[in-house]
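The values are calculated or read from the model by the stated rules, or taken from the named source; none is laboratory data. Treat the numbers as computed from the prediction; the structure is a model and nothing was measured. Positions of Cβ are backbone-derived with ideal geometry, glycine not excepted, and every protein chain shown enters the neighbour counts. Just so you know, the surface numbers come from the protein's heavy atoms only, side chains and all, with ligands and any DNA or RNA stripped out. Shrake-Rupley method; radii C 1.70, N 1.55, O 1.52, S 1.80 Å.
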Amino acid sequence: MRQFVMELKRKLFRIFFLCLLAARQSGAEVTQDDTAADSDTSYFFYQDQSYPRDCEDIQDQCSTKNVTGAQVIQPNGYDAPFWVSCSGDWTVIQRRSDGLIDFSRSWDEYRDGFGFINGNHWLGNEKVAHLTNQKTYELRIDFETESGLTGFISYGSFRIIDEFSNYSLVSLGRGNPVPDVPWCSTNMIPGNCNRCIATCADPSGTVDCSNDCGDIHQTCICPPNYLMDGTNCIRREDCGCYKEGHGVIEDGASYMAADCSEQCTCTSGVLTCVGQSCDQDATCKEVNGVSNCSCNEGFEGDGLTCTSIRINRDCYDIMRYVSTESGEYSITPSGWTGGPFNVNCNMTIDGGGWTVIQRRVLIPSRQDFNQDWETYKSGFGSYSRGFWIGNEHIHHLTNQGDYELRIDMVNQDHSAYYAKYDLFRINAESDKYNMSGLGSFTGIAGYNALSYHHNEYFSTPDRDYDDYSTYHIADNYDSGWWYGYYYYYYYYYNCDLNWMVNDDDVGYWYNLPGSDYLIYTEMKIRPRQTN
C-alpha cells in the first residue's frame, strides 16, 4: 500500500471528506468496520453554530446550487473559523497537482496547514482532527496519472485524533475495491494499454507495433520524455543515441543537421557524428522536417557524392547542365557506342556551347596534318599544337540534330575573321564522310569559300575520293579535306584549312580582305540556334 500511495503522491490527486450522515441519508451502507464512532456522537463537547461545521452544512443551506470553491467553516471545538475548499458537500483537506508547493514540511506546518485553498494545499492536521471528530466521515481519494488515467478510492470511516496523540489515524473503515491499476517499477507509471512502445532503439514506437492489447486495458508505461531501455524507462537524453536539439536517433538510422553540415549515425546504441558537406552537384533540402543532401537534376547518389546520369551529347549540353567555363569535357553523342570521349568546349564566343572539331595554330611545334584515312577517322593532335577531332565523331555529332558551323581564322596580316553556316552535316564512313549539309553563309570572311566543298567526299593522302581521275589532290596538298572536281579547276575560289603546303601558314580561305593565307583556324559546331 505504501508503494501505491507514494505513486499517487507523485501524480495529480485530491482527497475529499464527505459527512457520513449525508451518505447514509442517500442510502449508503455502513459495515461493522465503520464502528469507530456513533453517527450522532461528537467527540468535542461544545458547539458554536455561528459558522457551518463543514461543506455539507454549507450545501444544506444552499440546496439550490452546488457549492464549490473557497468557503468559511468552523468545526465543533475549533477556536476560530477558517477557509476551506468545497466541492459540493465534500470538504477538501488536500490537493496536489504539480510541484509548485513543496510538501516536504515541518511538524508545525503540517499541524497548521500550508498552501493555497483554491490550489495545492494541506488543510492542517489540527483542522482535520476537529473535522473528523464531529461525526463519522467518509474519506475519498481521487487521482489522475500523468498519462491521463483517473480513478478514486474511498473509505467508510476516517478519523484522526489530536496532537497529544500525534494525530494518529484511529479509524479508516473498509475501502471500496482498489482500481485496476498495475504496480509499476521505478520510472514507470500506470497508463492505458499501448503495444506501440517507444524505446531508445525505436523512439517513434513504430517497429513491430500492434495496438491489440487483448483483455489488458491498463499497463505500465514510460512517462513523457522517457523511453524504454530494456525493462526500465530512462530519460531521452540518457539514451546512447540522443542528439541535443533533435532527440533520440533510431538504431541504424542517421540524422542530418539542418544545414547538412553534420551527419550523426546510431549504431548499436552508440552515436557517431561527423562533419560533412553536400556534393557540388547537390543541394541541402528539407523534406517533411528532415534535412538532407539531395543530388541535383541529372545526377544520382546520396547527396554527399553525386554522379551524372545525364548523357551530355555535346558542349551545348555541358554549358546548360554542367559548366559555363571553357575547357575539356566528356560527351557521348546520340548513337555513339564507343563510350564517352573528351572534347574541347568554347563557352565564350557567340553565346558559347561550341564543340571544337578542328584547331590549327602556326607555331614551331605545330601538329602535322598529313595523316592517313584511319587517323582522320579517329582523330589526332592536341589543343595546344592543333588537332582534328575525328570524322567518326563529327558524323555522330552532326547527325543527332541540326548543327551550325562557325570558323574563326586569323590571316598573315593578323586580322581576325569568321564564317558561319546555319547547317553543317557529314555522312557516315560508308559514304566517305560526304559533306551532305551546308547551310546559309554569314560572317565577315568576305567570300563563301566552303560552298565549293558541299556534297564532296572526304579524301586523305592514302584515299583518293576527289572525283578527278588523274590528280590526287589530298596527296598533293599533304592533308585530308573535302576535295572535289572544282577544287582542282577553281583552286582560288575554295578553302583548305588542313593543308601542309607552306611553312608560314596553316590554311587558305579565298578572298579575305588582305592575305588569304592563315596562321590560325578553329572550326566548331553546336545545335542550330533558333533565336
> Which of the residues belonging to region 303-318 are open to solvent by 40 Å² or more (accessible area, probe 1.4 Å) and either over 14 Å from Q280 (Cβ atoms) or of a type in the set (F, W, Y) (or both)?
Replying inline: I309, R310, I311, R313, Y316
>> Go through region 247-274 and report how many residues are within 15 Å of the chain's Cα centre (by Cα), surrounded by fewer than 14 Cβ atoms within 10 Å (Cβ to Cβ) and within 23 Å of P224 (Cα to Cα).
In response: 0
>> Take the residues in region 387-406 that are in contact with a Leu (Cβ under 9 Å, 6 or more places away or on another chain) and not hydroxyl-bearing (S, T, Y); name whichever of them is surrounded by the fewest Cβ atoms within 10 Å (Cβ to Cβ).
In response: D402
> Counting only residues that are open to solvent by less than 60 Å² (accessible area, probe 1.4 Å) and either closer than 22 Å to Y316 by Cα or not small (G, A, S) (or both), how many does region 363-385 have?
Replying inline: 12
> D108: modelled with pLDDT under 95 and open to solvent by 40 Å² or more (accessible area, probe 1.4 Å), yes or no?
Replying inline: no
>> So the check is Cβ under 8 Å with 6+ separation or different chains; which pairs have a first residue in region 469-480 that's open to solvent by 40 Å² or more (accessible area, probe 1.4 Å) and a second one that's assigned to a helix (DSSP H, G or I)?
In response: Y471/Y488
> For T283, all conditions in the list (1) in a strand (DSSP E or B); (2) open to solvent by 50 Å² or more (accessible area, probe 1.4 Å); (3) in contact with a Cys (Cβ under 7 Å, 6 or more places away or on another chain) hold save one; what is the number of the exception?
Replying inline: (3)
> Just a yes or no: is a residue in region 493-515 within 58 Å of the chain's Cα centre (by Cα), open to solvent by less than 30 Å² (accessible area, probe 1.4 Å) and not aromatic (F, W, Y)?
Replying inline: yes
>> Going by what's in this entry, would Y242 be described as aromatic (F, W, Y), over 13 Å from the mean Cα position of the chain (by Cα), more than 19 Å from C196 (Cβ to Cβ) and buried (at least 16 other Cβ atoms within 10 Å of the Cβ)?
In response: yes
>> Give me the residue from region 425-446 that is under 24 Å from P513 (Cβ atoms) and either among the charged types (D, E, K, R) or in contact with a helix residue (DSSP H, G or I) (Cβ under 8 Å, 6 or more places away or on another chain) (or both) and, out of that set, least open to solvent (accessible area, probe 1.4 Å).
In response: L438
> Which one of the conditions (1) out of contact with any Gly (no Cβ under 8 Å at 6 or more places or on another chain); (2) modelled with pLDDT of 85 or more does C266 fail to meet, given that it meets all the rest?
Replying inline: (1)
>> Let me confirm something: among S294, S277, which residue is open to solvent by 30 Å² or more (accessible area, probe 1.4 Å), part of a loop (DSSP other than H, G, I, E, B) and free of Cβ contacts under 8 Å to residues at least 40 places away in the same chain?
In response: S277
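Looking only at region 453-466, which residues are more than 20 Å from D478 (Cβ to Cβ) and open to solvent by 70 Å² or more (accessible area, probe 1.4 Å)?
N455, the sole residue that qualifies.
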>> As an exercise: evaluate T324 against (1) polar (S, T, N, Q); (2) over 14 Å from the mean Cα position of the chain (by Cα); (3) not in a loop (DSSP other than H, G, I, E, B) and give the number of the one condition it does not meet.
In response: (3)
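Of all residues in region 327-370, how many are in a loop (DSSP other than H, G, I, E, B), touching a Gly at 6+ places or on another chain (Cβ under 6 Å) and in contact (Cβ under 8 Å) with a residue 40 or more places away in the chain?
Number satisfying all stated conditions: 1.
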>> Every residue in region 405-444 that is among the acidic types (D, E) and either part of a loop (DSSP other than H, G, I, E, B) or touching a Phe, Trp or Tyr at 6+ places or on another chain (Cβ under 6 Å) (or both), please.
In response: D408, D413, D422
> Among the helices (runs of 4 or more DSSP H) confined wholly to region 55-164, which include 1 or more residues that are farther than 29 Å from P223 by Cα, without any contact (Cβ under 8 Å) to a residue 12 or more places away in the chain and among the aromatic types (F, W, Y)?
Replying inline: 107-112
>> What are the pairs with Cβ atoms under 6 angstrom where one residue, in region 501-523, is without any contact (Cβ under 8 Å) to a residue 40 or more places away in the chain and the other, located anywhere, is among the acidic types (D, E) and buried (at least 22 other Cβ atoms within 10 Å of the Cβ)? Sequence gap at least six, or different chains.
In response: Y508/D496
> Of the conditions (1) at pLDDT below 80; (2) within 22 Å of Q94 (Cβ to Cβ); (3) open to solvent by 40 Å² or more (accessible area, probe 1.4 Å), W183 fails just one. Which one is it?
Replying inline: (2)
